[in-house]
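**Student:** This is the structure, below, for whatever I ask next.
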Ligand SMILES: [Zn+2]
């Protein structure tokens, strides 16, 4: 019990024992804990007892404060527990970057354990992501990406995580997460069963700024616009894509910066509030690049193909690439897909051709980056990158 000493010798007055605390931190904790009406004793820092008069006054105050009589042994037990807690609880920290994100940004959430410890499980709900997926990093921390939805206003958003922390078997050595990006659940099964495990609740908050998205009014012939009322078909198509995106690879497959997947002019940016023939259609989940039919569509970064399929209602010929750690890119309305499910693709590899299949008014590439199911601004990912 470093920083703590019991004043056994002199400082007794009736049933009151004065405890001498050297550590200001522990003293503050004790005072905040015991200085209420329940306080059976007084706590002093030894350095603040300069004279016998002050000492006598202080002891007297302690006596009058005493509401209940606690035996010294009980007192010691309580005190020991507090001190022990102070010396062994080393809290992990929860951090979010960037400092002031806007809707459509990717939030990087990291849980840093205390030295000699590692994160073996973490659960969190953030914004519209019901279950944030964390991956283990080499240093024992865990990282997740979360999309800040485009329909949020700026403001303060609390974030909370429940984490399981484990003491490293060999302090200083890395016993888990030998490679970057181990799914936290897998890490648990590898963990040393008899190591000390603690659960902690961590919290922080994100301050987001406001972002303006322009409104776009699209006109199309009524038979094409009829797609909007095919609710059942739209739902079915969505669940087909979602099921392909269920099990992202547990390590980053991307490398370096991201590229815009085709050459052309950006015709509609991410987040636009869209009305088709005057009817609300929704915010734009991706970015559109106007390019001639047949133009090459490149993989925005390396990954593996998890969907390559003609989806007639909305997406047309569609490719989904899993980049690992719950990061996906999606390419729609292609005239042709050149890849198959399970295939690894490199950044810049030609994976398809621009087309006008699905719900469109003309040939263009609609592409998205999603974190889980949350669409983020693909151009921000190109500009800022993603660090694991
Ligand atoms: Zn689009």
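The numbers here are math on the coordinates, done by the rules we state, and not lab data. In this text, all values refer to a predicted model and were calculated from it rather than measured experimentally. Don't worry about glycine lacking a Cβ; one is built from the backbone with ideal geometry, like all the others, and counts go over all protein chains shown.
**Student:** As a footprinting exposure proxy, order 246, 290 by other Cβ within 10 Å, with the fewest listed first.
**Tutor:** 246, 290
**Student:** Follow-up question, since we're still on this one. Return the tail of the calculated pair distribution for segment 215-384, meaning the percent of Cα-Cα pairs more than 28 Å apart.
**Tutor:** Everything past 28 Å amounts to 15 percent.
**Student:** Then there is this: So what is Rg over Rh here for segment 221-320, counting just Cα atoms and using Kirkwood for Rh?
**Tutor:** Dividing the radius of gyration by the Kirkwood radius yields 0.98.
**Student:** Using 1/(1 + (r/R0)^6) with R0 = 51 angstrom and r between the beta carbons of residue 114 and residue 341, what's the FRET efficiency to the nearest 0.05?
**Tutor:** Details: r = 42 Å, r/R0 = 0.83.
Calculated transfer efficiency: 0.75.
**Student:** Under the 0.36 nm per residue contour assumption, what length would be gained going from the current alpha-carbon distance of residue 257 and residue 290 to full extension?
**Tutor:** In short, 9.6 nm is gained.
**Student:** Please arrange 367, 280 by how many other C-beta atoms lie within 10 Å of their C-beta, fewest to most.
**Tutor:** Numbers: 367 23, 280 10.
Ranked by crowding around the Cβ, least crowded first: 280, 367.
**Student:** Give me P(r) over segment 305-388, computed from all C-alpha to C-alpha distances, binned every 10 Å, as integer percentages.
**Tutor:** 18, 50, 30, 2
**Student:** Let me ask something else about it. Which residues does the label zone of residue 218 cover in segment 341-364, counting backbone N under 15 Å from a point 7 Å along Cα→Cβ?
**Tutor:** Residues 355-364 qualify, since their backbone N sits under 15 Å from the label point.
**Student:** Which of the three applies to segment 229-274, rounded, prolate or oblate, going by the alpha-carbon gyration tensor with a ≥ b ≥ c and a/c under 1.5 meaning rounded?
**Tutor:** Oblate shape, in that a/c is at least 1.5 and b/c is the bigger or equal ratio.
**Student:** To the nearest 0.05, what FRET efficiency results for residue 230 and residue 138 with a Förster distance of 30 Å applied to their C-beta separation?
**Tutor:** Step by step, r from the Cβ atoms, then E = 0.05.
**Student:** Oh, and also: So between residue 201 and residue 151, what do we pick up on full extension, going 0.36 nm a residue minus the alpha carbon distance?
**Tutor:** Taking 0.36 nm per residue and subtracting the Cα distance, the gain is 15.2 nm.
**Student:** Right, another one. Sort 162, 118 so the one with the fewest other Cβ atoms within 10 Å of its own Cβ comes first.
**Tutor:** 162, 118
**Student:** Next up: Can you give me the Cα centroid spacing of segment 202-241 and segment 307-381 in angstrom?
**Tutor:** Cα centres, segment 202-241 to segment 307-381: 16 Å.
**Student:** Let me ask another. Between residue 210 and residue 90, what is the FRET efficiency for a Förster distance of 41 Å, r being their Cβ-Cβ separation, to the nearest 0.05?
**Tutor:** So, using R0 = 41 Å, E works out to roughly 0.60.
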